Amino acid sequence: MTDILIHMLLTIFMPPLLLGVIGKTKAAFAGRVGAPFLQPYYDLAKLIRKGSVFSDTTTWIFRAGPIITLAATLVAALLIPLGNHLSPISFAGDMILFAYLFALGRFFTTTAALDTGSSFEGMGAAREVTFACLAEPTLFFALMTLSRLSGSLSLSPMLTTLSLSLWFSAGAALLLLVGGMFIVLLAENCRIPFDDPTTHLELTMIHEVMVLDHSGPAFAYILYGAALKLFVLGAFFIHIALPLKTGNAILDWGVFILSMLGLAVTIGVVESIMARLRLLRIPQLLVAACILSAFSMLLILR
Amino acid sequence: MTTTAGKLVDPAFLIIAGLILTGFSGVPGLFLKNAAAFGQKLATAFACVGALCGLAGAFSTIASGETEIFVVNWSLPFGPCEIGIDPLAALFLLSVFLISGCSAVYANGYWPAAKLPATSRALCFFIGILSASMALLIIARNSVFFLMAWEVMALSAYFAFTVESGNAEVRKAGMLYLVCTHAGTMALFVMFILLRTMTGSFQFASTASLNPLAPGAAVIFFAALFGFGMKAGIMPLHIWLPAAHANGPSHVSAMMSGVMLKMGIYGIIRIISLFYPVPTWWGAVILGLGIISGVTGIISAIGQNDIKRILAYSSIENIGIITMGIGAALIGQSIGNQTLVLLGMGGALLHVLNHSLFKSLLFLGSGALIHSVGTRELNRMGGLARRMPRTAPLFLIGAMAICGLPPLNGFISEYLLYFGFFSGVKDGAAPILLGMGLAVTALALIGALALACFVKVYGVAFLGAPRSAEAEQGHDAPWQMPAAMGLLALCCLAIGLLPQYAAHLVQPAVYAVFPSLVAAGSGITTQAPLGWIGFIGTALIIVAALLAAGYYRRLKSIPPASATTWGCGYLQPTVRMQYTSTSFAEMLVRLFRGTLQPRYALPKITGFLPASAGFSSRIPETVLDVVILPFLRVTGIVFSFFRRLQNGEQSLYVLYIFITLVLLMVWAH
């Protein structure tokens with residue numbers, strides 16, 4: 001019960017902190033002080049209190065987009081185990097639902113973007129669905145590898161049975177998986193080198209350009225949903241990359257929080273030392289990720 | 001006729017009554033020369049009552065799980081005509097009756113007899129015959145009777161979708177369809193003749209009674225795949241499908257895509273169920289064909305700009321998904337993986353039902369779009385969600401369902417398939433792991449591509465600003481059209497939120513195909529926790545409702561302002577700058593250019609003040625244009641000397657018949 005409560009609280013309150021840590025890391029690399037760690041929370045609080053502007057061309061789809069995307073991400077957050085603790089809801093085959101909830105979010109983000117009739121937002125939507133076609137098989141290769149390794153068909157046992165000792169026996173497969181999933185993590189969350197959330201040129205953006213017309217509370221939903229997605233997919237990634245277990249429930253939570261913050265720092269470092277890729281290179285990198293995780297599935301073939 | 005049960009309202013009686021009512025629904029209209037509108041209303045009433053009877057019968061057959069067999073003594077030399085209604089047949093009958101009822105209602109708004117009396121009469125008549133013949137072939141247990149119903153189905157579909165035969169494109173599509181369907185029927189003749197040499201009669205053998213290693217069994221398998229696969233539209237045999245679906249009236253397209261393609265699937269399942277134990281390679285071949293159809297079908301769909309061609313190609317994709325499930329189930333049977341058998345076949349059969357729901361919904365929706373804008377061209381639509389407030393949400397439900405998104409029905413069947421494949425991945429031997437791994441990857445790719453495709457369709461047709469004057473003037477459809485679509489959308493939602501009950505519809509049919517599962521006692525819901533899926537779907541709706549409530553409270557406290565779309569600093573945006581269907585798909589088309597073979601006509605721009613230039617792009621139907629038509633052209637030249645035999649003199653033809661008869665008699669002796 002306590003664990004479920006902690007799961008809920010962390011899921012609701014921690015995601016914006018990751019954005020704050022990433023921002024701080026990038027500032028440190030650039031030699032700036034940077035915004036405070038809690039800046040994303042202030043932003044969200046401000047946006048919620050702001051008014052909205054709607055384009056004349058939009059319909060109810062435009063308003064439903066952020067709501068349904070956030071709802072799907074919130075429900076997906078109930079399925080993912082955090083650290084060494086099982087998720088509140090776990091059943092056989094939940095990893096399929098997990099993947100398709102993100103697809104539901106993608107459907108509504110992109111249709112809401114097309115609702116504005118803006119060519120830039122159309123561009124973003126087309127890119128988003130195209131790159132997802134390359135990222136989706138990677139995720140499923142990873143899920144197959146994990147279900148084979150753990151002998152289970154549910155996210156919680158699949159991810160919590162991963163351990164450091166497995167890294168000794170199936171290290172090569174896990175290494176490939178970490179590589180593939182890190183690329184997918186960056187691509188799905190629109191981080192550099194795939195997308196630059198801070199750029200000022202709409203022509204080159206993916207996610208940010210789709211939400212240009214959203215404002216006020218809807219934009220708060222979108223920002224929060226994006227942070228939550230980073231949190232959920234990050235938690236998935238942490239299980240593979242750092243399957244640390246202490247055996248103590250409270251310590252496990254601490255380890256989880258620290259590793260998530262570490263992941264945020266890593267993303268910040270990647271964003272600081274890399275430039276955004278040319279758009280034409282992105283499919284190549286995504287295909288490479290797909291091949292990495294396909295190889296990892298072949299490696300565990302016994 | 002001898003009945004096995006003496007109950008007052010026998011399910012079989014209901015089904016046959018429904019079949020007769022539907023079949024004759026268009027007949028009174030033929031005699032009402034001056035009251036076409038009344039004839040159409042009468043046909044609708046007959047079709048609806050027939051559909052209700054048929055649905056009641058099909059549901060009670062599924063609920064009881066029993067098989068009823070009748071024997072009709074006819075005087076034809078093909079043995080007694082057996083009619084059998086088992087849960088497998090009943091499952092397919094569900095979609096026949098549901099879709100025929102819906103399209104009859106829809107026709108009143110879409111093809112009103114008051115405006116189009118002559119064609120409406122023909123349409124009512126042929127759609128009735130089409131539905132009845134499909135129901136007949138499902139319950140036929142005699143090869144000859146089956147083939148008769150099959151031919152009636154093929155021809156009535158031809159007459160129904162070529163009702164506007166004044167249009168050259170329609171005639172061309174019709175001719176292609178006729179050639180293909182008869183090529184398929186030819187393979188079915190071969191198959192049924194070989195089956196007769198195996199069993200010694202034209203009756204269907206009982207389930208799992210034939211040996212697949214017997215001589216000729218492999219030929220039967222391939223003939224069935226060719227003949228039924230041609231009807232179902234499995235990838236290299238799909239060539240007739242896009243043109244036929246695009247050029248017919250929309251409710252006929254809904255019947256053809258939603259129901260008629262499934263007759264091919266039914267045939268494949270029925271014939272394979274006769275054999276036991278099926279060798280692994282049968283399953284592997286079917287799985288491979290499914291993967292090819294699924295992936296190439298949806299890739300082709302993305303490249304199209306004609307809304308009905310997109311839907312037609314997406315039917316090929318969905319047939320691919322169904323076929324993947326059948327193949328996986330057969331593989332599961334040969335390696336003894338019960339979960340894979342149950343969920344592979346269960347997922348495939350549920351997808352048969354689901355596809356008939358959401359694809360018919362989408363075809364009916366495309367009819368509403370055409371009714372409103374007068375074109376099938378997506379690039380001339382836009383902004384219709386504002387102008388068609390009733391159609392837009394219904395089409396959205398169909399689009400979401402076909403992408404397999406929770407909480408709708410498409411997700412449920414794909415979930416079952418994924419679950420089955422994953423069970424093969426989890427503890428199968430290496431080759432099984434690879435096969436199932438490929439299936440999972442293909443399904444994931446198909447899912448993501450389908451999402452891209454239907455975001456494009458919905459976004460370009462309904463959202464944004466109108467791209468043409470016709471779209472500007474768009475109007476919503478008369479109430480009968482959204483009513484029929486609403487019923488289908490409701491079914492999509494119901495299966496998505498209560499999947500455990502949908503599993504009960506499918507499970508008896510799976511047992512009918514694989515009787516060995518009954519003894520094992522495993523059920524779909526005990527293997528796959530569908531209750532949880534329904535629960536999460538409901539939770540998703542509740543969370544979304546709460547978030548929406550919070551959002552609207554904020555909007556109420558600060559009323560929103562209205563403005564034009566942000567043009568990123570550009571002050572004179574026009575509607576022509578919007579992303580179109582072509583530009584939305586451009587990246588994906590380029591990624592898959594090897595398969596799609598897109599043709600571009602690029603403008604030549606020279607000099608400082610170039611003259612106006614044009615750009616056009618086109619995606620051909622690769623298999624038809626690149627492989628089959630050139631092949632036929634060469635064959636035509638090589639065999640041109642045969643044409644001399646056909647010189648138009650009737651006496652000569654009589655001579656041919658005489659010579660043939662003499663030769664046959666000589667051969668017989």
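The values are calculated or read from the model by the stated rules, or taken from the named source; none is laboratory data. Since the model is a prediction, treat every value here as computed from it, not as a measurement. Heads up, the Cβs are rebuilt from the backbone with ideal geometry, glycines too, and the neighbour counts pull from every protein chain shown. Heads up: the accessible areas ignore ligands, DNA and RNA and are worked out on the full protein's heavy atoms, side chains in. Shrake-Rupley method; radii C 1.70, N 1.55, O 1.52, S 1.80 Å.
This table checks each residue for (1) under 18 Å from the mean Cα position of the chain (by Cα); (2) within 10 Å of chain A (Cβ to nearest Cβ); (3) not aliphatic (A, V, I, L, M).
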site: B:378; (1), (2), (3): no, no, no
site: B:385; (1), (2), (3): no, yes, no
site: B:389; (1), (2), (3): no, yes, yes
site: B:399; (1), (2), (3): yes, yes, no
site: B:421; (1), (2), (3): no, yes, yes
site: B:446; (1), (2), (3): yes, yes, no
site: B:456; (1), (2), (3): no, yes, yes
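Figure legend. Inter-residue proximity from region A:275-301: first residues within 13 Å of chain B (Cβ to nearest Cβ) and farther than 18 Å from residue A:240 by Cβ, second residues in a loop (DSSP other than H, G, I, E, B) and open to solvent by less than 50 Å² (accessible area, probe 1.4 Å), beta-carbon distance below 8 Å, spacing 6+ or different chains. Indicated pairs: A:282/A:194. Taking region B:589-669 and the helices (runs of 4 or more DSSP H) fully enclosed by it, the elements with 1 or more residues that are within 21 Å of residue B:293 (Cβ to Cβ) are at B:593-596, B:629-638. Selection of first residues in region A:249-268 that are over 19 Å from residue A:40 (Cα atoms) and of second residues that are open to solvent by less than 10 Å² (accessible area, probe 1.4 Å) and part of a helix (DSSP H, G or I), restricted to Cβ pairs under 8 Å at least 6 apart or on distinct chains, gives the following pairs, ordered by first then second residue: A:256/A:235.
Quick grid of which residues meet (1) within 28 Å of residue B:69 (Cβ to Cβ); (2) in contact (Cβ under 8 Å) with a residue 24 or more places away in the chain; (3) among the aromatic types (Phe, Trp, Tyr):
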| residue | (1), (2), (3) |
| --- | --- |
| B:123 | no, yes, no |
| B:129 | yes, yes, no |
| B:139 | yes, yes, no |
| B:142 | yes, yes, no |
| B:145 | yes, yes, yes |
| B:160 | no, yes, no |
| B:164 | no, yes, no |
| B:175 | no, no, no |
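Touching a residue at least 40 places away in the same chain (Cβ under 8 Å), surrounded by fewer than 24 Cβ atoms within 10 Å (Cβ to Cβ) and among the polar types (S, T, N, Q): does that describe residue B:60? Answer is yes for this residue.
State whether one or more residues within region B:424-443 are within 16 Å of residue B:322 (Cβ to Cβ), out of contact with any Phe, Trp or Tyr (no Cβ under 7 Å at 6 or more places or on another chain), of a type outside the set (D, E, K, R) and within 10 Å of chain A (Cβ to nearest Cβ). Looking for residues that are within 16 Å of residue B:322 (Cβ to Cβ), out of contact with any Phe, Trp or Tyr (no Cβ under 7 Å at 6 or more places or on another chain), of a type outside the set (D, E, K, R) and within 10 Å of chain A (Cβ to nearest Cβ), one finds at least one in region B:424-443, hence yes.
Pull up region A:140-152, narrow it to residues that are open to solvent by 10 Å² or more (accessible area, probe 1.4 Å) and more than 7 Å from chain B (Cβ to nearest Cβ), then point me to the one that is farthest from residue A:167 (Cα to Cα).
Of region A:140-152, the ones open to solvent by 10 Å² or more (accessible area, probe 1.4 Å) are A:141, A:148-152.
Next cut, more than 7 Å from chain B (Cβ to nearest Cβ) only: A:149-150, A:152.
On the way: A:149: 11, A:150: 13, A:152: 18 Å.
The extreme case among them is A:152.
Being closer than 19 Å to residue B:136 by Cβ, among the aromatic types (Phe, Trp, Tyr) and free of Cβ contacts under 8 Å to residues at least 40 places away in the same chain is a condition met by no residue of region B:21-42.
Within region B:254-271, not a single residue is part of a loop (DSSP other than H, G, I, E, B), touching a residue at least 24 places away in the same chain (Cβ under 8 Å) and open to solvent by less than 20 Å² (accessible area, probe 1.4 Å).
Candidates B:149, B:183: the one that is of a type in the set (A, V, I, L, M), open to solvent by less than 40 Å² (accessible area, probe 1.4 Å), free of Cβ contacts under 8 Å to residues at least 60 places away in the same chain and under 26 Å from residue B:10 (Cα atoms) is B:149. As a summary of the residue check, residue A:113 satisfies the conditions (1) closer than 29 Å to residue A:87 by Cβ; (2) more than 7 Å from every other protein chain (Cβ to nearest Cβ); (3) not polar (S, T, N, Q) except for the one numbered (1).
Would you call residue A:182 surrounded by fewer than 21 Cβ atoms within 10 Å (Cβ to Cβ) and modelled with pLDDT of 95 or more? Break it down into steps so the answer makes sense when it comes.
Working: surrounded by fewer than 21 Cβ atoms within 10 Å (Cβ to Cβ): yes; modelled with pLDDT of 95 or more: yes.
Yes, satisfied.
Among the β-branched types (Val, Ile, Thr), outside any loop (DSSP other than H, G, I, E, B) and open to solvent by less than 50 Å² (accessible area, probe 1.4 Å), is that true of residue B:129?
Details: among the β-branched types (Val, Ile, Thr): yes; outside any loop (DSSP other than H, G, I, E, B): yes; open to solvent by less than 50 Å² (accessible area, probe 1.4 Å): yes.
Answer is yes for this residue.
For region A:15-61, a residue qualifies if it is part of a helix (DSSP H, G or I), facing chain B (nearest Cβ under 8 Å) and crowded, with 20+ Cβ neighbours inside 10 Å, and exactly one does: A:61.
Tell me, which residue of region A:62-88 that is more than 7 Å from chain B (Cβ to nearest Cβ) and of a type in the set (A, V, I, L, M) is surrounded by the fewest Cβ atoms within 10 Å (Cβ to Cβ)?
A:86
All conditions but one from (1) part of a helix (DSSP H, G or I); (2) within 7 Å of chain B (Cβ to nearest Cβ) apply to residue A:91; the one that does not is (1).
I need the full set of residues from region B:110-126 which are under 20 Å from the mean Cα position of the chain (by Cα) and open to solvent by less than 10 Å² (accessible area, probe 1.4 Å), in order please. Please lay out each step first, then the result.
The first filter runs over region B:110-126 and keeps only residues under 20 Å from the mean Cα position of the chain (by Cα), leaving B:123, B:126.
Matches in region B:110-126: B:123 only.
Out of the residues in region B:546-561 meeting the condition of being part of a helix (DSSP H, G or I) and open to solvent by 60 Å² or more (accessible area, probe 1.4 Å), tell me which one is farthest from the other protein chains (Cβ to nearest Cβ). Filtering first and then ranking leaves B:556. With the structure loaded, tell me whether residue B:404 is in contact with a Gly (Cβ under 8 Å, 6 or more places away or on another chain), crowded, with 24+ Cβ neighbours inside 10 Å and outside any helix (DSSP H, G or I) or whether it fails that test. So residue B:404 fits the description; yes.
If only one of A:103, A:99, A:132, A:125 is under 30 Å from residue A:5 (Cα atoms), facing another protein chain (nearest Cβ under 7 Å) and open to solvent by less than 10 Å² (accessible area, probe 1.4 Å), which one is it? Don't jump to the end; show me each part of the working.
On the way: A:99 fails: facing another protein chain (nearest Cβ under 7 Å); A:132 fails: under 30 Å from residue A:5 (Cα atoms); A:125 fails: under 30 Å from residue A:5 (Cα atoms).
One residue alone meets the criteria, A:103.
Listed conditions (1) open to solvent by 20 Å² or more (accessible area, probe 1.4 Å); (2) within 11 Å of chain B (Cβ to nearest Cβ) are all met by residue A:6, apart from (2).
Answer yes if at least one residue in region B:365-373 is under 16 Å from the mean Cα position of the chain (by Cα), away from chain A (no Cβ under 14 Å) and over 20 Å from residue B:529 (Cα atoms), and no otherwise. Step through it out loud before you land on a result.
Of region B:365-373, the ones under 16 Å from the mean Cα position of the chain (by Cα) are B:365-366.
Now narrow it down to the ones that are away from chain A (no Cβ under 14 Å): B:365-366.
Subset that is over 20 Å from residue B:529 (Cα atoms): B:365-366.
Yes: one or more hits.
When each of B:512, B:519 is tested for being more than 10 Å from chain A (Cβ to nearest Cβ), modelled with pLDDT under 95 and surrounded by fewer than 16 Cβ atoms within 10 Å (Cβ to Cβ), the lone residue that passes is B:519.
Only one of these is modelled with pLDDT under 95, of a type outside the set (Lys, Arg) and within 30 Å of residue B:582 (Cα to Cα): B:292, B:239. Name it. On inspection, the qualifying residue turns out to be B:239.
I'd like to know if region B:584-592 contains one or more residues that are open to solvent by less than 80 Å² (accessible area, probe 1.4 Å), within 27 Å of residue B:383 (Cβ to Cβ) and charged (D, E, K, R).
Filtering region B:584-592 for residues open to solvent by less than 80 Å² (accessible area, probe 1.4 Å) gives B:584-589, B:591-592.
Then drop every residue that is not within 27 Å of residue B:383 (Cβ to Cβ), which leaves B:584-589.
Still in the list and also charged (D, E, K, R): B:586.
Yes - at least one qualifying residue is present in region B:584-592.
Scanning region B:500-543 for residues that are touching a residue at least 24 places away in the same chain (Cβ under 8 Å) and not in a helix (DSSP H, G or I) returns B:514, B:515, B:522, B:523, B:528.
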